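Below you'll find the structure, written out as structure tokens, and then a few comments.
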2 protein chains.
Amino acid sequence: MRARIEDVAAAAGVSIKTVSRVFNREPNVREETRLKVEEAARQLKYRPNSSARSLAGRRSYLISLLYDNPSPNYVMEVIEGVLAACEQAHYGLTLRPIDFSRRGHVESVETLIAQYRPDGLVLTPPLTDDGPLLRRLREMDVRYATISAKRDNAGIGATLDERAAVADMTAHVASLGHRRIGHITGHRSHGARVWRLAGYLDGLRRSGIEADPELVVEGEFSFESGIAGARRLLDMDDPPTAIFGANDDTACGVLYEAAARGLKVPEHLSVFGFDDTPMSRQVWPSLSTVRQPSREMGRIAAQQLLNAIAGHDPARMVRVPYQLQIRHSTGPVPQG
Amino acid sequence: MRARIEDVAAAAGVSIKTVSRVFNREPNVREETRLKVEEAARQLKYRPNSSARSLAGRRSYLISLLYDNPSPNYVMEVIEGVLAACEQAHYGLTLRPIDFSRRGHVESVETLIAQYRPDGLVLTPPLTDDGPLLRRLREMDVRYATISAKRDNAGIGATLDERAAVADMTAHVASLGHRRIGHITGHRSHGARVWRLAGYLDGLRRSGIEADPELVVEGEFSFESGIAGARRLLDMDDPPTAIFGANDDTACGVLYEAAARGLKVPEHLSVFGFDDTPMSRQVWPSLSTVRQPSREMGRIAAQQLLNAIAGHDPARMVRVPYQLQIRHSTGPVPQG
DNA sequence: CTGTTAGCGCATTCAT
DNA sequence: ATGAATGCGCTAACAG
């Protein structure tokens, strides 16, 4: 019923190995032969059976995406990008949600590997910085690419200069006259926490503002932590006139708390975030933030991984550009 | 290096067929033999190679999720649920984003099937109602389960009584004194559009309100269509005092437009949506909406599909309960 | 540049 | 209740 490689070979009048060569883009096939094979395959609607390919080729033609991220938007964008890269390379994707905070997450990855034999993994934060996991992967000799890893000068994958981005954004807000700019940090396990905090401090310094440690409060990249952080900051005797939430969720928490208090944004308080999630455009006022091209980063990381697997082009760590999105939540410092 | 079935057989002193029987829970194995095999497998850390299993067994141990949905939150929740069901059944999941609006989407599914041979598919709206696709699936004899299909009395999967839910919610808002309640509909291709519109009309009728066709405007389940719809409704000579956005994105668009006009919610305008997305809690004021347990629906649909594949328990269409979430965007009708 | 010959690791007859 | 033989559809050496 379903066409097999030998049917295509027969139809094209060649051997099955030649068909295999065509489909795997191997060299040593005459253009004319290739066309014959492709035509036959099209007519028969031939699709290689991936199980047979995997079994014979000792490769799964599969990569896995590991994630432990509370932000569905982020994960979906990364998935889209990874899928785009996979499709091009005729690779499949398996997903693995990991509960990073639980014991046994390394073992969960081991099971995944034993069962599906992915040819490589794509890691998202904070798994990118999980020492035990990375160590085990190297022991097992499993390739991986990272997205936004803390150590962004090693390995392969995609990163963005979050530190510079936040510094630029902070300096921009300072240029609007703000001198007391608060920051609600990200979760301790993320490299992003470190980069964004450092960028915030860079931005202040560049603007000739001395950092006030009181204005930096703990957060964890969540909406709730944005509310809690905003409360602490706004309850101060000398509250900040601008607040940087370590990501958009956090910043939206700040917007929420400001609205709950009847504080107008940006007239009374400026707010900015990071990520450029869809929500940042859909709140009122819309949120000033840093655009992080997550889909593109997923695509690039998967692409680098697939390059490494195929052994073509030397794979590397690609730095993607950021972009400030100045919208309506930032404005001049209030007078008085 | 990696243990194979024959290694286990040798270690246990049995034939490979016996090992196969144990791993596939087939009958005709003495308890004593079973234990021996299991012990040997554990020692050798044996994991069946899924490619070989698929190839020999003509089953992929894989199901595919097809989606074409602009809402990342929704898709992620469904994915989580489906993954949960898969894990339990030792099944893998492949994803297939479909561009429903483009020609050739049926062929894209055919390619997926030819290549990965999934043992079944899970469909999300609006693919659940795509005639040509469904017809082709039946022709190819591919099983599928649906989530929120338009025809929810046939096939297997999960549904929710959206019509009753919206009727309840609409009646609740009417009970707050509102008499002019507007509705921004969903996209034409979705069954949800029909159910929710019908529920809205039911709710009005139940509250003794005559429906005004002018108060129903076209939308498409997007934030932008919420803004556009709100503009049309609020620009009317006798504007509604409450607006039902066909989903939360749409309702958030209404909130946005209201804020842009300086209209206070719920003092001047009540707004409600559908889905209970995270955003509905994170906007100000928080959105009254209907909770749809998407994760659970994904789990159930996958579960039913896996049941059908295994041939156990007769699979069916499961109706899951809804829940009204009354938050801060709905309130008494303004006086005067 | 192309074809031939062996398996990949397992499930599946059919014996016993 | 268990085992031996056959092949799933393809890739991987090696020949030509």
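Expressed in nm to one decimal, what extension gain is obtained for the pair A:K45 and A:R58 from 0.36 nm per residue of sequence separation less their Cα-Cα distance?
Going from the current span to full extension adds 2.2 nm.
Just the number, please: carbon plus sulfur as a percent of the accessible area of segment A:162-289, 1.4 Å probe, no ligands or DNA/RNA counted.
Result for segment A:162-289: 50 percent of the exposed heavy-atom area is carbon or sulfur.
Please give the Cα centre distance for segment B:146-217 versus segment A:258-332, rounded to the nearest Å.
36 Å
Relative to the Cα centre, what is the charge dipole magnitude of the protein assembly as shown, using +1 at the beta carbon of each Lys and Arg, -1 at the beta carbon of each Asp and Glu, and rounding to the nearest 20 debye?
Rounded to the nearest 20 debye, it is 2400 debye.
Suppose a student asked you for the relative contact order of chain B, using Cα pairs under 8 Å spaced at least 6 residues apart; what percent would you report?
Numbers: 648 pairs, mean separation 59.2, N = 336.
The value is 18 percent.
For peptide A:220-226, compute the average count of partner chain beta-carbon atoms within 10 Å of each residue's beta-carbon. Please list the in-between numbers first.
Working: counts 0, 0, 0, 4, 2, 0, 1.
Per residue, the average neighbour count from other chains is 1.
Based on the Kirkwood radius over alpha-carbon pairs, what value in µm²/s does the Stokes-Einstein equation return for the translational diffusion coefficient of the protein assembly as shown at 25 °C and 0.890 mPa s? Please list the in-between numbers first.
Values: Rh = 27.5 Å.
Approximately 89 µm²/s, per Stokes-Einstein.
Please find the FRET efficiency linking A:R135 to B:D235, where r is the Cβ-Cβ separation and R0 is fixed at 60 Å, and quote it to the nearest 0.05.
My answer for the efficiency is 0.45.
Heavy-atom accessible area of A:L55 with all protein chains present, probe 1.4 Å, nearest 10 Å²?
70 Å²
Binning at 20 Å from 0, report for chain A what percent of all alpha-carbon pair distances ends up in each bin.
The percentages, shortest bin first, are 29, 44, 21, 6, 0.
Calculate one ³J(HN,Hα) per residue across segment A:61-75 by plugging θ = phi - 60° into the Karplus curve 6.51 cos²θ - 1.76 cosθ + 1.60, and present them in order as whole Hz with x for glycine and proline.
Ordered by residue, 3J(HN,Hα) equals 6, 9, 10, 10, 9, 9, 9, 8, 9, x, 9, x, 4, 4, 4 Hz.
Name the shape class, rounded, prolate or oblate, that the alpha-carbon gyration tensor gives for segment B:222-336, where a ≥ b ≥ c are the square roots of its eigenvalues, rounded holds for a/c under 1.5, and otherwise prolate holds if a/b is larger than b/c and oblate otherwise.
Details: a/c = 3.23, a/b = 2.83, b/c = 1.14.
Prolate, since a/c reaches 1.5 and a/b exceeds b/c.
Set Lys and Arg Cβ to +1 and Asp and Glu Cβ to -1, take the dipole of segment B:5-48 about its Cα centre, and tell me which of B:P27, B:A10, B:A40 lies farthest positive.
Checked the options; the winner is B:P27.
Just to verify a number: FRET efficiency for A:H312 and B:S108, C-beta to C-beta distance, R0 = 30 Å, to 0.05?
0.65
Say a label goes 7 Å from Cα toward Cβ at A:R25 in every copy; what distances in nm does this one have to the rest, shortest first?
4.2
How far is helix B:191-206 tilted, in degrees, relative to the longest principal axis of the Cα atoms in chain B, given as a value from 0 to 90 rounded to the nearest 10?
40 degrees
Over segment A:76-177, what is the relative contact order in whole percent, taking alpha-carbon pairs under 8 Å and six or more residues apart?
Averaging sequence separation for qualifying contacts and normalising by length gives 17 percent for segment A:76-177.
Run the label-point distances for A:A89 please: 7 Å along Cα to Cβ, every other copy, nanometres, shortest first.
3.0
Hey, what number do you get for chain A at 222 nm if only DSSP H runs of n ≥ 4 count, each worth -39500 (n - 2.57), divided across all residues, to the nearest 500?
After summing the helix terms and dividing by the residues of chain A, the value is -14000 deg cm²/dmol.
Specify the angular offset, from 0 to 90 degrees and rounded to the nearest 10, of the alpha carbon long axis of helix B:294-310 from the longest principal axis of the alpha carbons in chain B.
For B:294-310 against chain B, the angle is about 30 degrees.
Let's see if you can work this out: charge +1 on each Lys and Arg Cβ, -1 on each Asp and Glu Cβ, no other charges. What is the dipole magnitude of segment A:5-48 about its Cα centre, in debye to the nearest 20?
In total the dipole reaches around 120 debye.
Under 8 Å for C-alpha pairs, at least 6 residues apart: give me the relative contact order for segment B:5-48, rounded to a whole percent.
Relative contact order of segment B:5-48: 42 percent.
I'd like the accessible area for B:E87, computed on protein heavy atoms only with a 1.4 Å probe and all protein chains in place. Round to 10 Å², please.
Estimated to the nearest 10 Å², B:E87 gives 120 Å².
Taking a label point 7 Å out from Cα toward Cβ, give me the nm distances from B:R179 to the same spot in the other copies, shortest first, one decimal.
With the label placed 7 Å along Cα→Cβ, B:R179 yields 5.7 nm.
Give, in whole angstrom and from largest to smallest, the semi-axes √(5λ) of the equivalent ellipsoid of segment B:125-226, with λ running over the eigenvalues of the Cα gyration tensor.
32, 15, 9
Starting from the Cα gyration tensor of segment A:162-289, take the square roots of the eigenvalues, sort them a ≥ b ≥ c, and report rounded, prolate or oblate (rounded when a/c is under 1.5, otherwise prolate if a/b is larger than b/c, else oblate).
rounded
Rounded to whole Hz and in sequence order, give me ³J(HN,Hα) for segment A:79-86 from the Karplus expression 6.51 cos²θ - 1.76 cosθ + 1.60, θ = phi - 60°, writing x for Gly and Pro.
Coupling constants for segment A:79-86: 4, 4, x, 5, 4, 4, 5, 4 Hz.
Expressed as an acute angle from 0 to 90° and rounded to the nearest 10, what is the orientation of the C-alpha long axis of helix A:31-44 relative to the principal long axis of chain A?
The angle comes out at about 80 degrees.
I need the shape label for segment B:66-162. Rule: rounded when a/c is under 1.5, else prolate if a/b > b/c, else oblate, with a, b, c from the alpha carbon gyration tensor. Present the calculation step by step, with values, prior to reporting the outcome.
Working: a/c = 1.29, a/b = 1.09, b/c = 1.18.
Rounded is the answer for segment B:66-162, as its axis ratio a/c remains below 1.5.
Treating only the Cα positions of segment B:1-86 as identical point scatterers, give the base-10 log of I(q)/I(0) from the Debye formula at each q in 0.15 Å⁻¹.
-0.67
The values are calculated or read from the model by the stated rules, or taken from the named source; none is laboratory data. Predicted model, so just to flag it, every value in this text is computed and none were measured. Cβ: placed from backbone, ideal geometry, glycine included. Neighbour counts: every protein chain shown. To get the accessible areas, we keep the full protein, side chains included, count just its heavy atoms, and leave off ligands, DNA and RNA. Shrake-Rupley method; radii C 1.70, N 1.55, O 1.52, S 1.80 Å.
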